[in-house]
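**Q** A single structure is presented below for examination.
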Amino acid sequence: MTVSIVSDRGQSPVAPTLAAFPVNQWYVAALAWELKDKPLARTLLGNPIVLFRCADGSVAALQDRCCHRALPLSNGTLEQGGLRCGYHGLLFNAQGKCIEVPGQERVPGKALVPAYVLREQDQIVWIWHGSEANPQPTCEPPSYAVHNDEQYLFEGDVYHYDAPYQLIHDNLLDLSHLGYVHLRTIGGNARIHMHAEMKVDSDETSVTVVRHMLDSVPPPTYTAAYPFTGNVDRWQEIEFHISHLLIWTGAVDAGSEPIDAPERGGFHMRGFHGVTPETETTSHYFWTMATNPPTNAQDVKAKVIEQTVLTFDEDKVVIEAQYRNMRQFGQAPTVDIHVDVGANRARRIIERLRSVDQVVSPE
Amino acid sequence: MTVSIVSDRGQSPVAPTLAAFPVNQWYVAALAWELKDKPLARTLLGNPIVLFRCADGSVAALQDRCCHRALPLSNGTLEQGGLRCGYHGLLFNAQGKCIEVPGQERVPGKALVPAYVLREQDQIVWIWHGSEANPQPTCEPPSYAVHNDEQYLFEGDVYHYDAPYQLIHDNLLDLSHLGYVHLRTIGGNARIHMHAEMKVDSDETSVTVVRHMLDSVPPPTYTAAYPFTGNVDRWQEIEFHISHLLIWTGAVDAGSEPIDAPERGGFHMRGFHGVTPETETTSHYFWTMATNPPTNAQDVKAKVIEQTVLTFDEDKVVIEAQYRNMRQFGQAPTVDIHVDVGANRARRIIERLRSVDQVVSPE
Amino acid sequence: MTVSIVSDRGQSPVAPTLAAFPVNQWYVAALAWELKDKPLARTLLGNPIVLFRCADGSVAALQDRCCHRALPLSNGTLEQGGLRCGYHGLLFNAQGKCIEVPGQERVPGKALVPAYVLREQDQIVWIWHGSEANPQPTCEPPSYAVHNDEQYLFEGDVYHYDAPYQLIHDNLLDLSHLGYVHLRTIGGNARIHMHAEMKVDSDETSVTVVRHMLDSVPPPTYTAAYPFTGNVDRWQEIEFHISHLLIWTGAVDAGSEPIDAPERGGFHMRGFHGVTPETETTSHYFWTMATNPPTNAQDVKAKVIEQTVLTFDEDKVVIEAQYRNMRQFGQAPTVDIHVDVGANRARRIIERLRSVDQVVSPE
């Protein structure tokens, strides 16, 4: 069963609005290790949802509202048979069907709550919202091999943003901000970032931005993690998809080897960035950071994660300040500069999908 | 002088709305011991009110707004003659008449603030709002003999709820939730509560729910308070009235004596629950809990109160979570189960009274 | 460049509303010492503004929004050339012109942010908003010689008020509240204040209130600061101007000399009170307090400032409580008393200027 997430569908037949988000997509609902022995409340694409792990190890997602008296099911407890409401004890299975009303023989046929389609893959739990036209997934969720690659160590977390998800896309697609926002960590010299050679490609559903910074001073995170001998040849490869971005960055000793070869050596940071709208104005940001330290692997990984956390905290401050200001000033005009190419293409992809979802939905 | 509490009376002559609450009723305004040497600010039925005890020991209630520059009178100080505003010193008597403007000979005739009808009885301070048609009380406030019965020791408190008052009625009228919400205190085995024998009666203004749980394991609060020898025969008797509920619970050793006799022995907990709307979405919950410990009276009473506080804290968490969720989901349908009978009858009584108050008011 | 601050100008051509505030005025934007090596964010007359001190020591004010991606410029950093945005590094000069886009040859012509007119004088930074008809100042900002008078020591601060600015005017223009709000500090006996001899004068843009309290008991602040021998002859002289008030208070030993002579001796407190609307419902209150202690100057000044802070804290509590109550009760009627004369005249001046600004604006 799906739940409409189009914010005001049907309110005005003469002026249909865009879907708030592309809905026929897999979005990140949770990192696998978040679902243990307790239900988890999380609003995704405007819908309050309870996520939980069943006794058989599978994952499930229901509307977070008991159909009896509306208590959040996330206030309940997990049992062998499913999730039991914390008010009057109704028990629901993974499909949202009530299978027990304590003290009552018959379970009313209407006693059910909407269920969502989940898939757990490569340590990521994906959710499909779908539209009335496409309630079931039309594709498989993305795989993410890095989480299963023994060469890499990783950790991750989820951040809550008081900002719409596209502002996070903008930030991740334009790494020129590193020189101003992240001086203390992965930034390094501002001029290097702004003058990096940049190549942007895109198709119907993705955008790629590749930046090379040759013979540049390695930033603090890099020198802390890897025994560079001096300047480095550095790359930043960003892949934008509707619901997540992959950012491959790294460096080799300057001039030591080509940096566009798949088998390049040196120091790598492989970031996964799942950006899921919570509401139209707030977001969940799921991230993992993987790295390939040659020696002292756990120590270096810990240092990389520590620096990554600092970096993402800095981004959060800037993006939330940006959004507060956008709300204050409303639809004031903006001026584009050279670094906006990737972010603007991503915005056009989302704009197109929102209108496609809108057209498809009412049929 | 009365103050209209109908939220949008008169705004739309073609579509009269229900009164927000039944207004021709006595509601609890305060517990007697709350009114000492300082004025008390409290919003009741949507009206900000200052409650205070006069020099002669009587209680008074005024609109909480100085008629000069609108400072809350509750920011002022009590004097022999009444309540003095904390900004420019205007002095008001218990009827809301300004009796002194410092530095000015004449007190303007318009210098008065609306007063409310209060009655103090059995340690409870009751307020009558009334309607334009019934500004004066049409009956006496309820008496509550338990507060004056030497056999009983009691304490009480007032809780603020971010939830409408009828959700508290629902909770108190359906004690089947004890097995899920109050496992740690008065709950005990969930199955016992859900399968209790239940009898519901009602008339025009009240609902009675009686539940018997024979030969059941006594819950933690009971064994802590009374020397039961094993299983118990347990009763729960709930009386709903518009503005308050009485809940008599208790137990005797299983099979030792009939539990529907007025003179039954054993362990008793007698709860008074005054539920007064603060606004349409928030409430005051005034409670006292009385008990009749056979020995170590003060210790047992302290233990009962401690457990009662824990229990009521648990209810508050659940009810406020329920209401937050109801606001999120709006008017989604609910499914009724067997335990809802009492609560549903109470809702019909209030619905009827709201429409009666509405019909009477404009005349 | 000016920015319209009329809240809904143009939305309804048939029913023009008043300007929210008189706009063709100098308002206090900052105390001079607030602008050092960091930009300062402050909303003034509804407009979010970044204030900063340039490398040459002059002060500047820009709209607090980068024209690229809307980050508050107050999140940026000060450089030799101006203010650099903290997201992508655009550099703006004191006139709001972008003079550098990192990594890009050409600066787009549209890359500019609105600038405001500032003047720094006598340790006060004044801002001129203006209207479309009067974008440039039509007069010089007020001078305030006390800040440069060696006879006086002073300190000051800025308070944020959750209340509209005119409630602060009311408070400062009617010092009869001293006896009820400020008993602990500058108040003293309430009767003295209420029965003080009061003289009110006014013209098109100012109001003067003079109060004399002869042969009265000096309040705690006074006796702490000056060696009075017994009762005092005390004065309070209040000058209201659109954007600020001057309050001269003080006392001499009772009967020792006339208190209306400019060269009078005794103990003086000279207060500057800049009241600048932040929004229509919130305010900035800039104050300095100067005094002329005959001996132990620094100690006495510290004591006077300490008492002043206590006093202003008391006012803030009362005024914010008053405004919360006004919002709760809406447009309920009020009753005037004798002490309201000065405050009512100030309100009429502001009302008139708001309508003048409105008439001028559309032309």
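The values are calculated or read from the model by the stated rules, or taken from the named source; none is laboratory data. All of these numbers come straight from a predicted model, not from anything done at the bench. No Cβ is skipped: glycine too gets one built from the backbone with ideal geometry, and neighbour counts run over all protein chains shown.
**Q** Which residues, taken from the stretch A:56-86, are free of Cβ contacts under 8 Å to residues at least 40 places away in the same chain and in contact with a Gly (Cβ under 8 Å, 6 or more places away or on another chain)?
**A** Answer for the stretch A:56-86, where residues must be free of Cβ contacts under 8 Å to residues at least 40 places away in the same chain and in contact with a Gly (Cβ under 8 Å, 6 or more places away or on another chain): A:LEU71, A:ASN75, A:GLY76, A:THR77, A:ARG84, A:CYS85, A:GLY86.
**Q** Here's something else I'd like to know. So in the stretch A:284-329, with the set limited to residues that are over 26 Å from the mean Cα position of the chain (by Cα) and free of Cβ contacts under 8 Å to residues at least 24 places away in the same chain, which one is farthest from the other protein chains (Cβ to nearest Cβ)?
**A** It comes out as A:THR295.
**Q** I need a count of the residues in the stretch C:25-45 that are in a loop (DSSP other than H, G, I, E, B) and either under 15 Å from the mean Cα position of the chain (by Cα) or surrounded by fewer than 20 Cβ atoms within 10 Å (Cβ to Cβ) (or both).
**A** Qualifying residue count for the region: 5.
**Q** In contact with an Asp or Glu (Cβ under 7 Å, 6 or more places away or on another chain) and either over 19 Å from B:GLU100 (Cα atoms) or assigned by TED's automatic domain parsing to the domain that holds B:GLN121 (or both): does that describe B:THR77?
**A** Answer is no for this residue.
**Q** A:TYR87 - would you say it is buried (at least 20 other Cβ atoms within 10 Å of the Cβ) and out of contact with any strand residue (DSSP E or B) (no Cβ under 8 Å at 6 or more places or on another chain)?
**A** Taking the combined requirement at face value, the residue satisfies it.
**Q** Please list, ordered by residue number, the strands (runs of 3 or more DSSP E) wholly in the stretch C:94-157 having 2 or more residues that are away from chain A (no Cβ under 14 Å) and in contact with a strand residue (DSSP E or B) (Cβ under 9 Å, 6 or more places away or on another chain).
**A** By residue number, C:115-121, C:124-128.
**Q** Looking only at residues that are of a type in the set (Ser, Thr, Tyr) and touching a residue at least 60 places away in the same chain (Cβ under 8 Å) in the stretch B:164-182, which one is nearest to the other protein chains (Cβ to nearest Cβ)?
**A** B:SER176
**Q** Within the stretch A:237-249, can one find any residue that is in a loop (DSSP other than H, G, I, E, B), at pLDDT 95 or above and closer than 24 Å to A:ARG354 by Cβ?
**A** Within the stretch A:237-249 (the criterion being in a loop (DSSP other than H, G, I, E, B), at pLDDT 95 or above and closer than 24 Å to A:ARG354 by Cβ), the answer is yes, since at least one residue qualifies.
**Q** Counting just the residues of the stretch C:330-345 that are more than 7 Å from every other protein chain (Cβ to nearest Cβ) and among the polar types (S, T, N, Q), which one comes out farthest from B:GLU100 (Cα to Cα)?
**A** In this case the residue turns out to be C:GLN331.
**Q** Counting only residues that are more than 10 Å from chain C (Cβ to nearest Cβ), polar (S, T, N, Q) and closer than 18 Å to B:VAL117 by Cα, how many does the stretch B:34-84 have?
**A** 1
**Q** Additional query: Hey, does the stretch A:349-359 have a residue that's within 14 Å of chain C (Cβ to nearest Cβ) and surrounded by fewer than 18 Cβ atoms within 10 Å (Cβ to Cβ)?
**A** no
**Q** Something else now. Hey, any hits in the stretch B:46-57 for a residue that's part of a strand (DSSP E or B) and either in contact with a Cys (Cβ under 9 Å, 6 or more places away or on another chain) or modelled with pLDDT under 95 (or both)?
**A** No: the stretch B:46-57 contains no residue that is part of a strand (DSSP E or B) and either in contact with a Cys (Cβ under 9 Å, 6 or more places away or on another chain) or modelled with pLDDT under 95 (or both).
**Q** Of everything in the stretch B:71-84, what is buried (at least 22 other Cβ atoms within 10 Å of the Cβ) and touching a helix residue (DSSP H, G or I) at 6+ places or on another chain (Cβ under 6 Å)? Give them in sequence order.
**A** B:LEU71, B:PRO72, B:LEU83
**Q** Considering only residues that are surrounded by fewer than 18 Cβ atoms within 10 Å (Cβ to Cβ) and in contact with a strand residue (DSSP E or B) (Cβ under 8 Å, 6 or more places away or on another chain), which ones fall in the stretch C:302-315?
**A** C:VAL309
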